[in-house]
Structures are given as C-alpha cells and as structure tokens.
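First comes the structure, then the notes that go with it.
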Amino acid sequence: MGTWDIGHFDNDTAADFGGDLDDAPENERENLIRAALIRTIETDGYLDSSDACEVLASAALIAAQCPGGTPITTAYAPKKPLPTFSADLRPLAVEALDRVLAPDSELPELWDDTEHGPAWRQSVANLRAVLLN
C-alpha cells in the first residue's frame, strides 16, 4: 500500500476508492460506501488493510456531512458531488471503525510500527467522535 500521510485519503487504496465513487452513477455512490462499511463489519478473522482504508475514507466522507465534521479538501477524494447520506450510515461507520481498530486488523499494526501511529489513532478517534455526535 502506498501511503504518504496519515489523512484518510492519503493512500493509494483510499484514492482509488475516491475514483470509484466518481465513476459510479450518482445514485449508487451511497451504496458503495454502505457496502464498504458492511463488508468490514462482517469480516471474520483478520481484516486486510485495503478494506480498512476504504472504511476510513467512507467514514471521513460521512463525517464531513455531520455537525463538527471536517470538509474533505484533498485532491484524492471524490471530485463529483456526493449525495446527502442517510442517517443510518453514521452508526455503521462507527461500527466499521471499531472493527478497523480491533486487534485482528492489519492497518493499526502497520501504523503502530511507525512514529505516526499515535497521530493516526487520534485521527481515527476524532472521526469516530464526530460520527457519534
């Protein structure tokens, strides 16, 4: 996985996911996000980092529409307009983030092997807090 910073779109997988959202018909974009969240929630066993990266990107897009959310301004995020997301995506995103942070998940292991691990974990915690409000 190519990663250049701790931002939720600062890796190849998330950037590709943003492109997939742009390529999808407008009425299917929420379904792509929902599918990424559910796929991760339902994963038994070890969670691959690519699934986790899609969840973080999805959660960031959902949180951006919440009160206190941070607008997504990176060039790696979707460029086409996204729908106003259904309210039920917020708890799904929180559950998926919890799965990403679980002990049997690759992405936290990768980040914890770097000096940026604590900052990455804080960015996920901040995202989760916005989704819970």
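The values are calculated or read from the model by the stated rules, or taken from the named source; none is laboratory data. Just so it is clear, the model here is predicted, and its values are computed rather than measured. Virtual Cβ from ideal backbone geometry, glycine too; neighbours counted across all protein chains shown.
Taking the conditions (1) in contact with a Phe, Trp or Tyr (Cβ under 9 Å, 6 or more places away or on another chain); (2) surrounded by 13 or more Cβ atoms within 10 Å (Cβ to Cβ); (3) of a type outside the set (V, I, T); (4) farther than 16 Å from I41 by Cα in turn, S123 satisfies each one other than (1). Can you find a residue that is touching a Lys or Arg at 6+ places or on another chain (Cβ under 7 Å), assigned to a helix (DSSP H, G or I) and either of a type in the set (A, V, I, L, M) or under 25 Å from G117 (Cα atoms) (or both) anywhere in segment 50-63? Yes. Each residue in segment 86-101 was checked for being in contact (Cβ under 8 Å) with a residue 40 or more places away in the chain, surrounded by 14 or more Cβ atoms within 10 Å (Cβ to Cβ) and not charged (D, E, K, R), and 6 pass.
Looking across R121, R99, one residue alone is in contact with a Pro (Cβ under 8 Å, 6 or more places away or on another chain), at pLDDT 95 or above and either part of a loop (DSSP other than H, G, I, E, B) or closer than 20 Å to D51 by Cα (or both). It is R121. Against the list (1) out of contact with any helix residue (DSSP H, G or I) (no Cβ under 6 Å at 6 or more places or on another chain); (2) of a type outside the set (S, T, N, Q); (3) not in a helix (DSSP H, G or I), the condition Y76 fails is (1). For S105, the conditions (1) modelled with pLDDT under 95; (2) polar (S, T, N, Q); (3) farther than 28 Å from N27 by Cβ all hold with the exception of (1).
Condition first: in contact (Cβ under 8 Å) with a residue 40 or more places away in the chain, surrounded by fewer than 20 Cβ atoms within 10 Å (Cβ to Cβ) and among the hydroxyl-bearing types (S, T, Y). Can you find one or more residues in segment 58-73 that meet it? Yes: segment 58-73 contains one or more residues that are in contact (Cβ under 8 Å) with a residue 40 or more places away in the chain, surrounded by fewer than 20 Cβ atoms within 10 Å (Cβ to Cβ) and among the hydroxyl-bearing types (S, T, Y).
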